[in-house]
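Peer 1: Sharing a structure, written as structure tokens. Questions coming.
The values are calculated or read from the model by the stated rules, or taken from the named source; none is laboratory data. Since the model is a prediction, treat every value here as computed from it, not as a measurement. Glycine also receives a Cβ, built like all others from the backbone with ideal geometry; neighbour counts cover every protein chain displayed. What goes into the accessible areas is simple: the full protein's heavy atoms, side chains included, and nothing from ligands, DNA or RNA. Shrake-Rupley method; radii C 1.70, N 1.55, O 1.52, S 1.80 Å.
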Amino acid sequence: DENHCFALPGVFTGNCSEQPLSSNGSCNLGSLDISKFLDEDKNFEWDKFEIAVRYGMRFLDAVIDKGEFPTEDIKIWAHEHRAVGLGIMGYADFLLMKEIEYGSQEAIDLLEKILELMEEISIDESEIMGKEYGVPLQCQKLPEPRRNITTNTVAPAGCQKAETLIETDSGL
């Protein structure tokens with residue numbers, strides 16, 4: 001109960017949400033595989049990452065216009081907020097490739113630098129898109145108006161109790 005996780009035959013899940021949303025809210029999520037931004041010398045390609053963040057923001061924003069919504073209320077909410085959540089994946093692979101210990105201070109510092117840059121660029125791109133395409137109703141209330149009410153999300157990848165549940169449940 002404390003981790004809000006449960007196991008069913010063949011399925012293990014956690015009851016979590018990547019974005020806190022109001023009633024009828026929606027958010028388009030996408031992730032960049034950061035292990036793909038290492039050059040042959042295992043250096044992070046910051047310039048290519050910036051380009052990918054900018055394209056990622058534009059792609060997720062465009063999905064709102066092209067997407068279909070199950071109800072009119074959800075469609076209205078999506079267009080008034082334009083919530084997107086660009087995140088990362090492949091961090092463990094990234095660290096293995098760079099030969100950095102997972103959970104080390106070096107790993108944490110590098111992740112912080114990558115996520116800070118992602119946030120800065122995604123907000124900047126949302127502000128640029130706001131000037132190009134307009135700022136939706138709810139985004140006009142932000143201190144710096146932009147196209148998207150949210151820009152980043154790193155989706156959770158599981159639960160710390162997963163191994164325990166799998167080991168103790170012979171049905172899985």
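Peer 1: Counting heavy atoms of the protein chains only and a 1.4 Å probe, report the per residue accessible area for the stretch 35-142 as a whole number of Å².
Peer 2: Per residue, the stretch 35-142 has 60 Å² of solvent-accessible surface.
Peer 1: What are the ³J(HN,Hα) values, in whole Hz, obtained from phi via the Karplus relation 6.51 cos²θ - 1.76 cosθ + 1.60 with θ = phi - 60°, for each residue of the stretch 79-93 in sequence order, with x given for Gly and Pro?
Peer 2: 6, 7, 10, 6, 5, 10, x, 7, x, 10, 8, x, 5, 5, 4
Peer 1: Between residue 32 and residues 5 or more places away or on another chain, which pairs have amide H atoms under 5 Å apart, with H built 1.01 Å from N, and which residues are they?
Peer 2: Result for residue 32 returns 87, 88, 89.
Peer 1: Applying the Karplus parametrisation 6.51 cos²θ - 1.76 cosθ + 1.60 with θ = phi - 60° to the phi angles of the stretch 95-108, what ³J(HN,Hα) value in whole Hz is obtained for each residue in order, glycine and proline being reported as x?
Peer 2: Karplus-based 3J(HN,Hα) across the stretch 95-108 equals 5, 4, 5, 8, 6, 10, 5, 4, x, 6, 4, 4, 5, 5 Hz.
Peer 1: Right, something else. Mind checking which lysines have their C-alpha under 23 Å from residue 98, skipping anything on the same chain fewer than 8 residues away?
Peer 2: Correct list for residue 98: 36, 42, 48, 113.
Peer 1: Can you give me the relative contact order of the stretch 39-113 as a percent, contacts being Cα pairs under 8 Å and 6 or more apart?
Peer 2: Relative contact order, the stretch 39-113: 26 percent.
Peer 1: Right, something else. What's the ranking of 110-120, 145-155, 54-64 by average number of surrounding C-beta atoms within 10 Å, highest first?
Peer 2: Per-residue mean Cβ counts within 10 Å order the peptides as 145-155, 54-64, 110-120.
Peer 1: Same structure again: Please give every one of the aspartates and glutamates within straight-line cross-link reach of residue 141, meaning a C-alpha to C-alpha distance under 16 Å, and leave out same-chain neighbours fewer than 8 residues apart.
Peer 2: Of all the aspartates and glutamates, those that pass the test against residue 141 - Cα under 16 Å, at least 8 places apart if same chain - are 80, 127.
Peer 1: Turning to a different aspect of this structure: Using the Cα atoms of the stretch 42-136 to build a convex hull, what is its mean projected area in square nanometres?
Peer 2: Values: hull surface 29.6 nm².
Here the figure is 7.4 nm², rounded to one decimal.
Peer 1: Something else now. What is the Cα coordinate range of the stretch 87-153 on the first, second and third principal axes, sorted by size from largest, in whole angstrom?
Peer 2: 45, 18, 14
Peer 1: I've got another one for you. I need the Kirkwood Rh of the stretch 28-93: take the reciprocal of the average 1/r across all distinct C-alpha pairs and report it in angstrom. Don't skip to the answer; put the middle values down first.
Peer 2: Details: mean 1/r = 0.0743 Å⁻¹.
It works out to 13.5 Å.
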